[in-house]
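Working notes, structure below.
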Amino acid sequence: MFELTGATALLLRGTEGEVVADARRLPQMDGFIRGRRTLLQEGRKGTLTDLPELPREVDVATTAAFIRDVLAGRKQIPDSMALQVEHILRLASS
């Protein structure tokens, strides 16, 4: 679809419709610039050996507090999400 419409977009493999990369894994990220596909990021495969520090609870208040801590620099943004932001910025400037 992105090729046929000449769109600029980011496609994440294996996210099942989620809008952000899994904070625990790094999926393959493909970019489309005016319909031309380019591999932006190889996905990391295999067993997880290191997990980012994430809250155990998934309720709204805990999630919001975690986001505030990341934005304030008190917690580290998960690598997969940081890379996704970098790729979005790169695509937006193309």
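The values are calculated or read from the model by the stated rules, or taken from the named source; none is laboratory data. As the structure is a prediction and not an experimental result, all values here were calculated from the model. Cβ coordinates were reconstructed from backbone atoms using ideal geometry, including for glycine residues, and neighbour counts include every protein chain displayed.
Within the stretch 46-74, if we keep just the residues that are in contact with a Lys or Arg (Cβ under 9 Å, 6 or more places away or on another chain) and not in a helix (DSSP H, G or I), the residue that is modelled with the lowest pLDDT turns out to be 48. Taken over the stretch 59-75, residues that are surrounded by 12 or more Cβ atoms within 10 Å (Cβ to Cβ) and not acidic (Asp, Glu) amount to 7.
Which residues, taken from the stretch 24-42, are surrounded by fewer than 15 Cβ atoms within 10 Å (Cβ to Cβ), outside any strand (DSSP E or B) and either at pLDDT below 70 or not basic (Lys, Arg) (or both)?
Across the stretch 24-42, the qualifying residues are 35, 42.
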